[in-house]
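Presented below is the structure to which this report refers.
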Amino acid sequence: MGFIYEKLVRPAMFTLDPEVAHERGVQAMALLGSVAPLRRVLEAWAQRPAAHARPIECFGLRFPNAVGLAAGFDKNGVAWRGAAALGFGHIEIGTVTLLRQPGNDRPRVFRYPEHEAVINRMGFNNAGAEAVARRLAGQIPAGARRIPLGINLGKSRAAPLDKAVQDYLGSFELLADHADYLVINVSSPNTPDLRRLQEESWLRELLPALANANHARLTAGKPRRPLLLKIAPDLDFLQIDAALAVIAEFGLDGIIATNTTLARPGPFATVNQAGGLSGRPLARRSTEIINYVARATNGKLPIIGSGGITDAASAGEKLDAGATLVQVYTGMIYRGPFFARDLAGSLAARQDRIFGF
């Protein structure tokens with residue numbers, strides 16, 4: 001299937017504007033998700049290569065395989081059921097903001113096929129937390145899904161930094177009932193000042209507020225949701241140490257390493273295009289950060305590794321560095337919709353070798 005995609009489908013898709021191609025991909029997955037018999041047949045086929053894999057227990061959830069779809073593909077929760085039928089072990093939707101917003105001006109997505117890379121400056125375009133909550137309320141509920149569904153939360157562009165806590169809390173209250181886990185995204189480079197929320201002083205306001213709201217669910221008779229923080233690859237190790245200290249102090253459940261980068265390594269040094277770089281050029285830096293976090297926390301903090309995964313070897317590097325799970329997005333653009341199926345099967349075979357099955 002990968003050969004057909006790379007030789008026939010991808011060349012046709014790449015004649016389209018990148019964002020138009022993305023929108024058509026979302027529409028196709030939404031259609032797949034709406035046709036239950038087709039979805040079930042495809043799901044059975046896609047899950048077969050990793051069907052014998054040992055399920056992964058992580059922050060209180062059970063994942064059938066290690067490969068997830070990163071936030072950014074399905075921003076509004078319209079296509080996750082279709083995506084779930086393609087072999088993924090979890091899906092993360094969003095980024096969702098409290099307020100509906102159109103994002104940055106187009107064009108805002110740029111492909112670099114020779115490097116299997118993308119630069120985007122989307123700017124959290126989404127329908128808003130209330131609309132996403134309404135959509136998910138009519139679908140399979142949290143706790144009853146075959147694979148976990150994460151919801152990635154960001155700050156509304158219209159909310160100033162001193163109102164960021166209230167903005168995130170508003171999204172949390174609307175969406176927590178519908179998520180198997182929630183991600184606090186403070187690391188996108190495409191919303192002004194958002195990355196300042198990674199500074200320790202801001203994290204010490206934001207994280208305890210969300211942790212307290214999460215704990216309050218228990219007193220209301222609702223389940224607590226795992227909370228994760230998503231960090232940028234552009235943090236230095238001292239900044240990562242500060243973030244890890246706050247995560248430990250307020251009992252967050254995990255970390256996603258990493259988001260896109262503002263760095264322009266190697267051939268991108270002369271690329272004059274604003275936005276976050278993802279794909280193969282990010283692989284080394286994201287793995288370095290995963291390894292650092294794993295060592296700094298003695299392997300006790302679950303890590304979802306993301307950034308530059310294009311094949312089983314690059315996914316394996318993330319796991320070897322200390323990640324428990326991995327996520328892909330740009331890799332799927334270049335390798336096709338069944339990339340997760342192929343990757344999960346390869347990682348299952350790798351697991352067999354490691355554990356001697």
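For the chain, the number of Lys pairs with C-alpha atoms closer than 22 Å, counting only pairs eight or more positions apart or on separate chains, is 8. Here the label points at Glu249 and Glu205, each 7 Å from Cα along the C-beta direction, are separated by 1.5 nm in the simple model.
Along segment 146-155 the Karplus relation, 6.51 cos²θ - 1.76 cosθ + 1.60 evaluated at θ = phi - 60°, assigns HN-Hα couplings of 5, 10, x, 10, x, 10, 9, 9, x, 7 Hz to successive residues, with x for each Gly and Pro. Mean projected area of the Cα convex hull of segment 225-311, taken over all directions, amounts to 6.5 nm².
Using all pairs of distinct alpha-carbon atoms, the Kirkwood hydrodynamic radius of segment 140-291 works out to 16.4 angstrom. Within the chain, DSSP assigns beta bridges of which about 30% are antiparallel (rounded to the nearest 5). Within the shell of other residues whose beta carbon sits under 14 angstrom from the beta carbon of Gln198, the net charge comes to -2, with Lys and Arg scored +1 and Asp and Glu -1. Multiplying the residue separation of Glu57 and Val20 by 0.36 nm and removing their Cα-Cα distance gives an extension gain of 9.6 nm. Among residues other than Ala127 with Cβ under 9 Å from its Cβ, the summed charge is +2 (Lys and Arg +1, Asp and Glu -1).
Kindly provide log₁₀ I(q)/I(0) values, in the same order as q = 0.21, 0.25 Å⁻¹, from the Debye equation applied to equal alpha-carbon scatterers of segment 6-94. Taking Cα atoms of segment 6-94 as identical point scatterers yields -1.11, -1.26. Here the 3J(HN,Hα) profile of segment 230-247, calculated from phi with Karplus coefficients 6.51, -1.76 and 1.60 at θ = phi - 60°, is 9, 10, 8, x, 8, 6, 8, 5, 5, 5, 5, 4, 5, 5, 5, 5, 5, 4 Hz, Gly and Pro shown as x. Sequence-ordered 3J(HN,Hα) estimates for segment 37-54 from the Karplus curve with 6.51, -1.76 and 1.60 and θ = phi - 60° stand at x, 5, 4, 5, 5, 5, 4, 4, 5, 5, 7, 4, x, 10, 4, 8, 5, 6 Hz, glycine and proline given as x. Values (i) 5, 21, 27, 24, 14, 6, 2, 1, 0, 0; (ii) 5, 25, 34, 24, 10, 2, 0; (iii) 5, 26, 38, 25, 6, 0 are given for comparison; P(r) over Cα pairs in 10 Å bins from 0, in percent, derived from the coordinates here, is the one labelled (iii). Distance from the alpha carbon centroid of segment 1-48 to that of segment 267-338 works out to 23 angstrom. Segment Val271..Ala312, full-extension length gain: 11.9 nm, with 0.36 nm per residue of separation and the alpha-carbon distance subtracted.
Every read-out reported here was derived from the displayed coordinates using simple, explicitly stated rules and does not represent laboratory data. Treat the numbers as computed from the prediction; the structure is a model and nothing was measured. Neighbour counts run over all protein chains shown; Cβ positions are idealised from the backbone, glycine included.
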